[in-house]
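S.K.: Below are the structure tokens for one structure; questions will follow.
The values are calculated or read from the model by the stated rules, or taken from the named source; none is laboratory data. As the structure is a prediction and not an experimental result, all values here were calculated from the model. A quick note on method: Cβ atoms are made from the backbone with ideal geometry, for glycine too, and the neighbour counts reach across all protein chains shown.
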Amino acid sequence: MSPTSITTPRTAARPRSTLRAVFVDANPTLGDVAQKLLGTIDVPFTINRQPDIRSEAIPVTLAGAGIAVIDHTPFPTAIARQCTNLKHVVFLGTGARSYMNPEELGELGIAVHTIKGYGDTAVAECAVALMWTAARGFAKMDRELRAGNWVRTDSLQLTGRTIGLLGFGGIAREVARLTLGIGMKVLAWNRSPKTFPGVHFVELTRLLAESDVLSIHLLLNQDTNNFLSRERIAAMRPGAILINTARGALVDEDAMVDALRSGHLRHAGLDVFTIEPLPGGHVLTSLPNVTLSAHSAFRTAEANHNLISAALDHCRSIAAYGR
């Protein structure tokens, strides 16, 4: 796997560095994977097994280390200024901008590296699973049966239906592969031209109007924040299913809630939210036509191994060329 970077460090040949790396917020699973793979690099590497660490504690946790590996903890620029000797942040995923400002960190001399492709299949399978659950009403029937109620719901047969992919990167390609295999028609829209066997690339207005299922696969940035706006939700096919395994802020949440309440949206399958963790009593938890997942689409053993392997590859490359 080839790691990718938002900001690429200089790669001119230099004497070997003694940079030290710290995994700032390792949860038990990723911490164990990292421990098993440490033998693949000779970079001094510390695993901090405190996944709930506060941002304010990061400078002490790094203790002068040159590389910070960060999974999910916000890293404000003001905190970064306190991190003596820090030159690189390896973010475990693609959505670094949800947790830090790479451009501001770059001005401080801190390069931000991201990792993509490690969990494309895992996230795609989650998107398809949420689609099936939404179409068949499994979540509602499960809740009712546990409460002692024999409730059956009319479902939506997906074979022959149309899925629209909003954005077409690695995850969307996997969703296309899976849904083509179950006999769905696949439409896609992407900001730059793409091709893929069996997928019809169309204008955004057509994608919204014709999709029985709309699955979001955009990166979050200034241009895509609230991309699925109230107006675009209104332009979606009535009774459509919305799937979001990308980022919560890509969707106007208030407009989505209104569309779910009115029935304009049949169902939403959501793995991501504008506020995470999702607060108790949040409006989305009260809607019967929403299936919720705790931002866990990428969490499979295979994806975790790929993710940590790529992070360690970054550390190895950085250390090889020094600061």
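S.K.: Restrict the check to the stretch 106-115 and report whether at least one residue is in a loop (DSSP other than H, G, I, E, B) and closer than 23 Å to Ile171 by Cβ. Outline the logic, then answer.
M.R.: Just the residues of the stretch 106-115 that are in a loop (DSSP other than H, G, I, E, B), to begin with: 108-110, 115.
Those left that are additionally closer than 23 Å to Ile171 by Cβ: 115.
Checking the stretch 106-115: at least one residue is in a loop (DSSP other than H, G, I, E, B) and closer than 23 Å to Ile171 by Cβ.
S.K.: For the stretch 301-316, name all the residues that are surrounded by fewer than 17 Cβ atoms within 10 Å (Cβ to Cβ) and in contact (Cβ under 8 Å) with a residue 12 or more places away in the chain.
M.R.: Start the filter on the stretch 301-316 by keeping residues that are surrounded by fewer than 17 Cβ atoms within 10 Å (Cβ to Cβ), which leaves 301-302, 305, 316.
Glu302, His305, Arg316, listed by residue number.
S.K.: Name the pairs: first residue in the stretch 98-116 and assigned by TED's automatic domain parsing to the domain that holds Asn306 and over 23 Å from Phe298 (Cβ atoms), second residue among the β-branched types (Val, Ile, Thr) and crowded, with 22+ Cβ neighbours inside 10 Å, Cβ to Cβ under 8 Å, at least 6 apart or on different chains?
M.R.: If the second residue must be among the β-branched types (Val, Ile, Thr) and crowded, with 22+ Cβ neighbours inside 10 Å, the pairs left are Leu105/Val89; Leu105/Val112; Gly106/Val112; Ile110/Val89; Ala111/Val89.
S.K.: Can you tell me which residue among Ile171, Ile163 is part of a strand (DSSP E or B), surrounded by 23 or more Cβ atoms within 10 Å (Cβ to Cβ) and β-branched (Val, Ile, Thr)? Steps first, please.
M.R.: Values: Ile171 fails: part of a strand (DSSP E or B).
Selected residue: Ile163, the only one of Ile171, Ile163 that is part of a strand (DSSP E or B), surrounded by 23 or more Cβ atoms within 10 Å (Cβ to Cβ) and β-branched (Val, Ile, Thr).
S.K.: Right, here's the next one. Quick one: Ala57 ticks every box in (1) touching a residue at least 12 places away in the same chain (Cβ under 8 Å); (2) more than 18 Å from Leu312 (Cα to Cα); (3) among the aliphatic types (A, V, I, L, M) bar one, so which box is it?
M.R.: (1)
S.K.: Considering only the stretch 108-124, I want to know if a residue exists there that is hydroxyl-bearing (Ser, Thr, Tyr), surrounded by fewer than 23 Cβ atoms within 10 Å (Cβ to Cβ) and farther than 30 Å from Lys185 by Cβ.
M.R.: Looking only at the stretch 108-124, we keep the residues that are hydroxyl-bearing (Ser, Thr, Tyr), and these are 114, 118, 121.
Still in the list and also surrounded by fewer than 23 Cβ atoms within 10 Å (Cβ to Cβ): 114, 121.
Within this subset, residues satisfying the condition of being farther than 30 Å from Lys185 by Cβ are 114.
Yes, the stretch 108-124 contains a residue that is hydroxyl-bearing (Ser, Thr, Tyr), surrounded by fewer than 23 Cβ atoms within 10 Å (Cβ to Cβ) and farther than 30 Å from Lys185 by Cβ.
S.K.: Any chance the stretch 179-199 includes a residue that's touching a residue at least 12 places away in the same chain (Cβ under 8 Å) and either outside the structural domain of Thr133 (by TED's automatic domain parsing) or part of a helix (DSSP H, G or I) (or both)?
M.R.: Yes, the conditions are met somewhere in the stretch 179-199.
S.K.: Could I ask something else about it? Among the helices (runs of 4 or more DSSP H) confined wholly to the stretch 15-89, which include 3 or more residues that are touching a Cys at 6+ places or on another chain (Cβ under 9 Å)? Break it down into steps so the answer makes sense when it comes.
M.R.: Details: elements: 28-37, 58-62, 77-80.
Of the helices (runs of 4 or more DSSP H) lying wholly inside the stretch 15-89, those with at least 3 residues that are touching a Cys at 6+ places or on another chain (Cβ under 9 Å) span 58-62.
S.K.: From Ala68, Ala78, grab the single residue that is free of Cβ contacts under 8 Å to residues at least 12 places away in the same chain, in the same structural domain as Leu105 (by TED's automatic domain parsing) and either out of contact with any Leu (no Cβ under 6 Å at 6 or more places or on another chain) or surrounded by 15 or more Cβ atoms within 10 Å (Cβ to Cβ) (or both). Break it down stepwise before answering.
M.R.: Details: Ala68 fails: free of Cβ contacts under 8 Å to residues at least 12 places away in the same chain.
Step by step, each of Ala68, Ala78 is checked, and only Ala78 is free of Cβ contacts under 8 Å to residues at least 12 places away in the same chain, in the same structural domain as Leu105 (by TED's automatic domain parsing) and either out of contact with any Leu (no Cβ under 6 Å at 6 or more places or on another chain) or surrounded by 15 or more Cβ atoms within 10 Å (Cβ to Cβ) (or both).
S.K.: Still on this model: Restricting the search to the stretch 140-160, which residues are modelled with pLDDT of 95 or more and loosely packed, with under 10 Cβ neighbours inside 10 Å?
M.R.: Arg146, Ala147, Gly148, Asn149, Trp150, Gln157, Thr159, listed by residue number.
S.K.: Every residue in the stretch 200-239 that is hydroxyl-bearing (Ser, Thr, Tyr), over 22 Å from Leu292 (Cα atoms) and part of a loop (DSSP other than H, G, I, E, B), please. Spell out the reasoning first.
M.R.: Initial filter on the stretch 200-239 (hydroxyl-bearing (Ser, Thr, Tyr)): 205, 211, 215, 224, 229.
Restricting the remaining residues to those that are over 22 Å from Leu292 (Cα atoms) gives 205, 224.
Scanning the stretch 200-239 gives a single hit, Thr224.
This table checks each residue for (1) surrounded by 15 or more Cβ atoms within 10 Å (Cβ to Cβ); (2) modelled with pLDDT of 95 or more.
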site: Met1; (1), (2): no, no
site: Thr4; (1), (2): no, no
site: Pro9; (1), (2): yes, no
site: Ala13; (1), (2): no, no
site: Ser17; (1), (2): yes, no
site: Val24; (1), (2): yes, yes
site: Pro28; (1), (2): no, yes
site: Gly31; (1), (2): yes, yes
site: Pro44; (1), (2): yes, no
